[in-house]
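Below is the structure I would like to discuss, written out as structure tokens.
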Protein chains: 2
Amino acid sequence: MLRCTGCGERFPILEIRYRCDQCNALLEVDTDLEAMRKARKPSEWKELFQERLGHFRPPYASGVWRYHEWILPQIPVERIVTKLEGSTPLYSGETLRRSLDAPAVFIKHEGENPTLSFKDRGMTVGVSWARHIQSKAVICASTGDTSAAMAAYASEVPGLRGIVLLPRDKVTFEQLAQPIASGCLTLALDTDFDGCMRVLQEFCQRHPVYVLNSLNPIRIEGQKTIGIETLQQLQWQPPDWFVIPVGNAGNISALGKGLLEARELGLIDRLPRIAGVQVEAANPLYLSYKNGFREAVSVEAGQTLASAIRIGQPVSYHKAAKVIQQLDGVVEEVGEQAIMDAKARVDACGVSICPNSGAAVAGYLKLRTAGIIGRDERVVLIATAHGAKFSQSTLDYHRSELSGITPRGANPVQPLAATLEAVEQATGFVRTS
Amino acid sequence: MLRCTGCGERFPILEIRYRCDQCNALLEVDTDLEAMRKARKPSEWKELFQERLGHFRPPYASGVWRYHEWILPQIPVERIVTKLEGSTPLYSGETLRRSLDAPAVFIKHEGENPTLSFKDRGMTVGVSWARHIQSKAVICASTGDTSAAMAAYASEVPGLRGIVLLPRDKVTFEQLAQPIASGCLTLALDTDFDGCMRVLQEFCQRHPVYVLNSLNPIRIEGQKTIGIETLQQLQWQPPDWFVIPVGNAGNISALGKGLLEARELGLIDRLPRIAGVQVEAANPLYLSYKNGFREAVSVEAGQTLASAIRIGQPVSYHKAAKVIQQLDGVVEEVGEQAIMDAKARVDACGVSICPNSGAAVAGYLKLRTAGIIGRDERVVLIATAHGAKFSQSTLDYHRSELSGITPRGANPVQPLAATLEAVEQATGFVRTS
């Protein structure tokens with residue numbers, strides 16, 4: 001069943017529906033935890049999930065479908081479209097821990113997914129569902145990562161058309177290349193992300209296309225597995241905190257839903273806290289948090305290098321506000337300088353992240369300074385996309401070419417003559433003979 | 001031990017040495033297959049490798065270190081630097097098989113590694129070895145992927161310095177961003193790749209830096225696992241062919257070494273054949289193959305969109321020639337148009353590959369047309385890097401902006417007004433109400 005996150009009204013899951021008839025709130029999948037509890041004890045679920053790690057076979061080798069009983073068991077295995085997404089690493093190397101002065105920090109690197117962002121986890125479920133309900137077209141509005149993922153999954157399904165609405169000139173060209181290369185119809189609209197969403201909503205009310213933005217409750221189910229898989233990697237010993245960047249607020253909602261369900265299933269014995277991080281240029285959830293979630297704030301999103309979270313009216317606002325309260329969470333905001341310096345700091349430890357993930361790291365550091373997160377606490381920072389999608393801003397940073405930013409971690413390339421002497425001079429190696 | 005691939009002379013493995021004193025040929029690791037055969041039966045090795053899949057724990061969760069007894073067992077587990085590289089997918093979706101008209105084709109996507117290329121498999125071994133022998137600095141000359149990988153692994157080791165020599169203005173800026181971001185000293189030399197190699201060789205003869213180019217026999221051991229892991233994924237039923245792009249010829253050598261050893265260990269009961277694919281602009285191995293490997297040809301490498309294999313004097317020529325002969329192999333060459341069209345064809349099936357991988361696909365198609373590879377044969381195409389590293393040429397292709405190329409699979413972005421009507425017109429959805 002689908003359940004309204006506002007009034008609790010319920011709808012059959014096979015109906016194509018994104019909002020409640022009664023109150024217009026978003027819907028969520030009402031996972032049948034009771035059935036799971038009856039089927040297996042917590043220790044038996046843990047054994048099953050662990051056993052499925054041991055094979056290359058689809059779909060259970062996927063870090064999403066490993067948890068299929070928990071993630072849309074309504075989809076028959078033979079309809080699943082998977083790229084064996086997930087099973088992403090949890091980085092905690094020595095240079096990283098030193099650089100962040102954090103002995104128990106982990107980076108869950110969702111950039112190491114097939115299309116290089118966490119969106120793959122949702123899309124494997126969303127596109128499988130589209131196939132299951134025999135949809136002929138899927139659509140999304142996207143600042144980049146969503147469209148890349150939707151396009152790549154849709155193009156694995158014969159006869160399924162993908163349509164992408166992008167804000168013109170507001171995504172990196174690396175991100176633009178992905179849906180085009182995957183063969184989707186890619187439309188660049190003269191507006192911003194919120195404008196794309198408005199057109200999309202008008203369009204999908206009139207035409208039989210399946211919407212795969214994060215308002216889609218089915219897709220969110222896949223994204224739950226970021227937290228669930230992290231718990232499994234930590235052998236079901238929950239960390240003290242998850243820190244996650246927030247744009248449209250779908251991912252923090254999904255993370256929260258997964259953690260709460262894990263607790264209800266008895267897989268963990270206490271709940272981690274959760275910190276959402278926004279950019280100053282697009283901080284509506286932060287402002288709402290500051291007013292105690294008494295009212296939803298919306299803003300006009302300004303320029304930010306973290307283009308994937310440049311969103312002024314988060315579609316999953318209410319879901320996010322709810323899980324933040326349930327998980328004793330906080331919301332922080334960070335500026336452009338802090339984002340890019342934090343990204344550089346993590347990059348330099350051999351973990352290449354995007355500016356949005358840089359925001360999560362910067363938010364973590366700010367919460368450390370404020371004493372809200374302690375130095376020794378076990379913290380999982382969620383990196384949402386791979387740095388390779390943002391080569392231009394990375395290079396510009398290291399060349400000191402980002403306006404308004406003084407790069408504290410700049411490491412520019414050095415042009416040099418092609419001689420032994422030049423290399424010796426540049427490296428400081430002195431010839432002894 | 002290290003063994004000379006020319007005269008067979010042997011050297012202690014702990015000596016830092018890349019070539020033979022006697023005959024100047026490259027060295028290779030003399031894997032102790034006898035010890036492996038004594039330790040376990042083939043079925044027991046298979047069980048062990050399968051069992052190790054079932055955990056997230058480093059190092060055995062890595063697709064390289066899963067085979068540690070086979071891959072530098074001399075490195076103690078605690079010295080291993082791993083990003084859990086490998087375990088890359090073997091794509092064989094319906095749209096892909098249809099598009100290539102190949103019912104039993106697989107793409108082994110090495111682009112889905114931490115730094116987005118197959119080089120991670122070699123670098124986890126090379127950098128672990130550098131740490132084991134207490135090296136203070138590692139160096140490589142690189143067209144991009146090698147430096148990205150070396151930098152990312154080196155920056156996980158406290159006190160290990162990374163130095164990168166790049167040919168100035170001859171790598172994509174996506175590739176340039178990687179070593180810089182990882183904090184390596186990145187030197188852009190006024191020369192081509194071969195020129196960088198010359199300076200590097202002079203430099204490393206005089207200074208105590210550990211060279212991590214593919215002439216390094218230790219690194220090659222890690223790359224062996226591309227083929228080995230593929231065999232495991234195919235449940236040790238070898239395919240008829242492996243098809244692989246060839247630049248410096250280290251990777252084809254590594255692939256061949258792994259396959260031959262798998263046969264010697266009794267893990268497979270017959271050998272697959274092997275096809276190396278070069279670009280017309282840089283085809284020395286192809287020319288040597290055509291003369292029956294009677295003499296090594298070198299060429300001056302010309303412009304190619306497959307910049308990672310723009311190499312005129314492959315350093316691993318002799319190793320490659322040997323494994324091609326041992327595996328009843330062939331070498332093919334392909335042009336720029338074929339490369340980019342083949343890349344677009346695979347991209348459009350939701351599998352994002354680089355132009356070098358496009359060369360492998362184009363070579364496969366050419367060998368199919370020539371009747372050398374049959375339609376129904378089981379073929380593994382090795383994709384060496386992720387398409388995301390080559391967004392510029394991808395976009396230029398779809399915009400019809402690559403000179404000399406008529407894009408057969410172009411899918412340009414469509415700029416559009418932000419209205420319902422415009423989207424209806426572009427998608428062909430007609431309003432019924």
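The values are calculated or read from the model by the stated rules, or taken from the named source; none is laboratory data. Remember, it's a predicted structure, so these values are computed and weren't measured experimentally. Methodologically, a virtual Cβ is constructed for each residue, glycine included, from the backbone with ideal geometry; neighbour enumeration extends over all protein chains shown. For accessibility, only protein heavy atoms count, side chains too; no ligands or nucleic acids. Shrake-Rupley method; radii C 1.70, N 1.55, O 1.52, S 1.80 Å.
Considering only the range B:55-79, how many residues are open to solvent by 10 Å² or more (accessible area, probe 1.4 Å), within 14 Å of chain A (Cβ to nearest Cβ) and either over 15 Å from B:T225 (Cβ atoms) or not in a loop (DSSP other than H, G, I, E, B) (or both)?
The number of residues fulfilling the criteria is 6.
In the range A:16-45, which residues are part of a loop (DSSP other than H, G, I, E, B), under 23 Å from A:R131 (Cβ atoms) and open to solvent by less than 70 Å² (accessible area, probe 1.4 Å)? Step through it out loud before you land on a result.
The first filter runs over the range A:16-45 and keeps only residues part of a loop (DSSP other than H, G, I, E, B), leaving A:16-18, A:20-25, A:30-32, A:40-41.
Going one step further and asking which of them are under 23 Å from A:R131 (Cβ atoms), we end up with A:16-18, A:30-32.
A:R17, A:Y18, A:D30, A:T31 - these are the residues of the range A:16-45 that are part of a loop (DSSP other than H, G, I, E, B), under 23 Å from A:R131 (Cβ atoms) and open to solvent by less than 70 Å² (accessible area, probe 1.4 Å).
What pairs come out if I take residues in the range B:184-209 that are among the basic types (K, R) and pair them with residues that are modelled with pLDDT under 95 and open to solvent by 50 Å² or more (accessible area, probe 1.4 Å) whose C-beta lies under 9 Å away, six or more apart or interchain?
B:R206/A:R431; B:R206/A:T432; B:R206/A:S433
Also, I was wondering about something else. Just to verify a result, which residue in the range B:299-314, among those that are touching a Ser or Thr at 6+ places or on another chain (Cβ under 9 Å) and open to solvent by 30 Å² or more (accessible area, probe 1.4 Å), is farthest from B:N216 (Cα to Cα)? Please lay out each step first, then the result.
Step one: list which residues in the range B:299-314 are touching a Ser or Thr at 6+ places or on another chain (Cβ under 9 Å), which gives B:305-314.
Applying the additional criterion that residues be open to solvent by 30 Å² or more (accessible area, probe 1.4 Å) yields B:305, B:310, B:313.
Numbers: B:L305: 26, B:R310: 19, B:Q313: 16 Å.
By that ranking, first place goes to B:L305.
Could I ask something else about it? Of all residues in the range A:266-282, which are touching a helix residue (DSSP H, G or I) at 6+ places or on another chain (Cβ under 9 Å) and crowded, with 17+ Cβ neighbours inside 10 Å?
Step one: list which residues in the range A:266-282 are touching a helix residue (DSSP H, G or I) at 6+ places or on another chain (Cβ under 9 Å), which gives A:266-272, A:274-282.
Hits for the range A:266-282 are A:L267, A:I268, A:P272, A:I274, A:A275, A:G276, A:V277, A:Q278, A:V279, A:A281, A:A282.
When the range A:142-180 is examined, which residues are found to be touching a Leu at 6+ places or on another chain (Cβ under 7 Å), in contact (Cβ under 8 Å) with a residue 60 or more places away in the chain and within 14 Å of A:G126 (Cβ to Cβ)?
Selection gives A:S142, A:M150.
To continue, here is another question. With the condition being within 24 Å of A:G258 (Cα to Cα) and in contact (Cβ under 8 Å) with a residue 60 or more places away in the chain, I'd like the strands (runs of 3 or more DSSP E) fully within the range A:316-433 carrying at least 2 qualifying residues.
Values: elements: A:330-334, A:379-383, A:414-416.
By residue number, A:379-383.
A further question follows. Tell me whether the range B:335-356 contains one or more residues that are open to solvent by 10 Å² or more (accessible area, probe 1.4 Å) and under 13 Å from B:I252 (Cβ atoms).
Scanning the range B:335-356 turns up no residue that is open to solvent by 10 Å² or more (accessible area, probe 1.4 Å) and under 13 Å from B:I252 (Cβ atoms).
Condition first: open to solvent by less than 20 Å² (accessible area, probe 1.4 Å) and within 30 Å of B:R161 (Cα to Cα). Now tell me which residues in the range A:80-92 satisfy that.
A:T88, A:P89, A:Y91, listed by residue number.
Go through the range B:244-267 and count every residue that is hydroxyl-bearing (S, T, Y) and touching a Gly at 6+ places or on another chain (Cβ under 6 Å). Show your work before the answer.
Narrowing the range B:244-267 to residues hydroxyl-bearing (S, T, Y): B:253.
When the remaining residues are screened for being touching a Gly at 6+ places or on another chain (Cβ under 6 Å), the result is none.
The number of residues fulfilling the criteria is 0.
In the range B:1-54, which residues are in contact with a Gly (Cβ under 6 Å, 6 or more places away or on another chain) and under 22 Å from B:T230 (Cα atoms)?
Those that are in contact with a Gly (Cβ under 6 Å, 6 or more places away or on another chain) and under 22 Å from B:T230 (Cα atoms): B:P42, B:L53, B:G54.
Suppose we filter the range B:93-119 for residues that are more than 8 Å from chain A (Cβ to nearest Cβ) and of a type in the set (D, E, K, R); how many remain?
So the answer is 5.
Which count do you get for residues in the range B:221-250 that are modelled with pLDDT of 95 or more and not in a loop (DSSP other than H, G, I, E, B)? First the steps, then the outcome.
If we filter the range B:221-250 for residues that are modelled with pLDDT of 95 or more, which is where we start, we get B:221-246.
Right, trim to not in a loop (DSSP other than H, G, I, E, B) and you get B:221-223, B:225-233, B:241-245.
So the answer is 17.
Please go through the range B:63-119 and pick out each residue that is β-branched (V, I, T), over 30 Å from B:D240 (Cβ atoms) and touching a Ser or Thr at 6+ places or on another chain (Cβ under 6 Å).
Correct list: B:I75, B:I80, B:V81, B:T82.
How many residues are of a type in the set (D, E) and within 10 Å of another protein chain (Cβ to nearest Cβ) when one looks only at the range B:127-160? Steps first, answer last, please.
Here is the first cut: in the range B:127-160, the residues of a type in the set (D, E) are B:145, B:156.
Of the ones still in play, those that are also within 10 Å of another protein chain (Cβ to nearest Cβ) are B:156.
Counting residues in the range B:127-160 that are of a type in the set (D, E) and within 10 Å of another protein chain (Cβ to nearest Cβ) gives 1.
Has the range B:411-429 got any residue that is open to solvent by 70 Å² or more (accessible area, probe 1.4 Å) and farther than 17 Å from A:L165 by Cα?
Within the range B:411-429, none of the residues are open to solvent by 70 Å² or more (accessible area, probe 1.4 Å) and farther than 17 Å from A:L165 by Cα.
So, one more: Out of everything in the range B:379-409 that is over 17 Å from the mean Cα position of the chain (by Cα) and basic (K, R), what residue ends up being farthest from B:D101 (Cα to Cα)?
Taking the candidates together, the pick is B:R399.
Identify the single condition in (1) more than 10 Å from chain B (Cβ to nearest Cβ); (2) in contact with a helix residue (DSSP H, G or I) (Cβ under 9 Å, 6 or more places away or on another chain); (3) open to solvent by 20 Å² or more (accessible area, probe 1.4 Å) that A:S400 does not satisfy, given that it satisfies every other one.
Unmet for A:S400, out of (1) more than 10 Å from chain B (Cβ to nearest Cβ); (2) in contact with a helix residue (DSSP H, G or I) (Cβ under 9 Å, 6 or more places away or on another chain); (3) open to solvent by 20 Å² or more (accessible area, probe 1.4 Å): (2).
For residues that are open to solvent by 30 Å² or more (accessible area, probe 1.4 Å) and among the polar types (S, T, N, Q), tally how many sit in the range A:357-392. Please lay out each step first, then the result.
Quick first cut of the range A:357-392, residues open to solvent by 30 Å² or more (accessible area, probe 1.4 Å) only: A:365-366, A:368-372, A:375-378, A:392.
Subsequent filtering for residues that are among the polar types (S, T, N, Q) retains A:369, A:392.
The number of residues fulfilling the criteria is 2.
Scanning the range A:161-208 for residues that are over 10 Å from B:A418 (Cβ atoms), open to solvent by less than 10 Å² (accessible area, probe 1.4 Å) and β-branched (V, I, T), which turns out farthest from the other protein chains (Cβ to nearest Cβ)?
In this case the residue turns out to be A:V164.
I'm checking my understanding of the structure. Among residues of the range B:124-160 that are over 21 Å from the mean Cα position of the chain (by Cα) and charged (D, E, K, R), which one is surrounded by the fewest Cβ atoms within 10 Å (Cβ to Cβ)?
The selected residue is B:K136.
Let me ask something else. Could you please let me know if B:R219 is closer than 19 Å to B:A25 by Cβ, within 11 Å of chain A (Cβ to nearest Cβ) and of a type in the set (K, R)?
Numbers: closer than 19 Å to B:A25 by Cβ: yes; within 11 Å of chain A (Cβ to nearest Cβ): no; of a type in the set (K, R): yes.
No: the conditions fail for B:R219.
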